1. Of all residues being closer than 14 Å to Pro59 by Cα and not hydrophobic (A, V, I, L, M, F, W, C) in the stretch 111-126, which is farthest from the chain's Cα centre (by Cα)? Just the residue, please.
2. Taking the condition of being more than 18 Å from Phe8 (Cβ to Cβ) and either in contact (Cβ under 8 Å) with a residue 40 or more places away in the chain or surrounded by 20 or more Cβ atoms within 10 Å (Cβ to Cβ) (or both), how many residues in the stretch 206-220 meet it?
3. Exactly one condition in (1) polar (S, T, N, Q); (2) buried (at least 24 other Cβ atoms within 10 Å of the Cβ); (3) outside any loop (DSSP other than H, G, I, E, B) is not met by Ser134; state its number.
4. Go through the stretch 166-195 residue by residue and tally those that are within 16 Å of ligand 2 (Cβ to nearest atom) and hydroxyl-bearing (Ser, Thr, Tyr).
5. Across the stretch 76-110, what is the number of residues that are of a type outside the set (D, E, K, R), under 21 Å from the mean Cα position of the chain (by Cα), at negative phi and not in a strand (DSSP E or B)?
6. Step by step: first the residues of the stretch 1-37, then only those that are surrounded by 13 or more Cβ atoms within 10 Å (Cβ to Cβ) and farther than 30 Å from Thr73 by Cα, then the one that is nearest to ligand 2 (Cβ to nearest atom). Which residue is that?
7. Please determine whether any residue of the stretch 76-97 is under 25 Å from Ala11 (Cβ atoms) and surrounded by fewer than 15 Cβ atoms within 10 Å (Cβ to Cβ).
8. Looking at Asp35, Asp56, which one is touching a residue at least 60 places away in the same chain (Cβ under 8 Å) and within 12 Å of ligand 1 (Cβ to nearest atom)?
Amino acid sequence: MPLLVPIFRPALILVDVQEDFCPPNGSLAVPGGRDIVPVLNDLLKLPFVLKIATKDHHPPDHVSFASNHPGATAFASTTTIVNPANPAETYETQLWPAHCVVGTPGNELLPELDHARVDAVVLKGTDPRVEMYSAFRSPLRDPPLAGAVSDLEERLRAAQVSDVFVVGLAGDFCVVNSALDAAQLGFSTYVVEEGTRCVGGAEAWAKTRSLLEEKGVKVIHADGPEIEA
Ligand code: VGL
Ligand code: ZN
């Protein structure tokens, strides 16, 4: 009789641990963004079957930059993203200072990250027309836009990953959206609390944490009580 044993094949996703999201010089610096690196480097030593770093990788004319919208103000203004293949599908998104532009120092992963233990780098936000917080895909689904779907899901499936552990920046934008997508795609998903920081600080994390838990993502600790089954 075949014995069915659930297989635990965990992956680690380090979301957007880039200079522009960190003090002291980042154009969109997340408070305490740099402080997560020791936690990430400890996690990188664990036997994940796949360890992937993602990069927000924007062309200079990216739609999310306030500077590309006359009269708009970073953080305060929004813009409407339209699916080029279906103008009826739209969504409203916040505008930002220019960040993580391809070829600039702000686009670089933090040098203090243990790069040797990272298996692959996945790029996101490369299509100038769409915002892409999730490392998997943009919210445009009808139809999905080829330029706004990364190869992250494909890589996880190819490695037969069962569980996804998400850390990185920013907790209230790309980390939360990546984790929610991972859960929706059927992976058991965890966010390690000490491994993330939010644009909106501790208050934003409290809200983000509730949303994650509500959607079935488990928020766990890098150094804390054992994970419940
Ligand atoms: C992010 C804002 C804009 C993130 C990316 O990585 O959380 N936030 N682009
Ligand atoms: Zn971005």
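Bear in mind that the values in this text are calculations on the coordinates, not laboratory data. On a predicted model such as this, the values are computed, not experimentally measured, just so you know. Note that we place each Cβ from the backbone using ideal geometry, even for glycine, and neighbour counts take in every protein chain shown.
1. Filtering first and then ranking leaves Thr126.
2. Step one: filter the stretch 206-220 for residues more than 18 Å from Phe8 (Cβ to Cβ), giving 206-215, 219.
If we keep only those that are either in contact (Cβ under 8 Å) with a residue 40 or more places away in the chain or surrounded by 20 or more Cβ atoms within 10 Å (Cβ to Cβ) (or both) as well, we get 208, 212.
Residues that pass the stated criteria total 2.
3. Just one mismatch for Ser134, condition (3).
4. Residues meeting the conditions: 1.
5. Residues in the stretch 76-110 being of a type outside the set (D, E, K, R), under 21 Å from the mean Cα position of the chain (by Cα), at negative phi and not in a strand (DSSP E or B): 10 in total.
6. Checking each candidate, the answer is Ile13.
7. Start the filter on the stretch 76-97 by keeping residues that are under 25 Å from Ala11 (Cβ atoms), which leaves none.
No: zero hits.
8. Working: Asp35 fails: within 12 Å of ligand 1 (Cβ to nearest atom).
From the options Asp35, Asp56, the qualifying one is Asp56.
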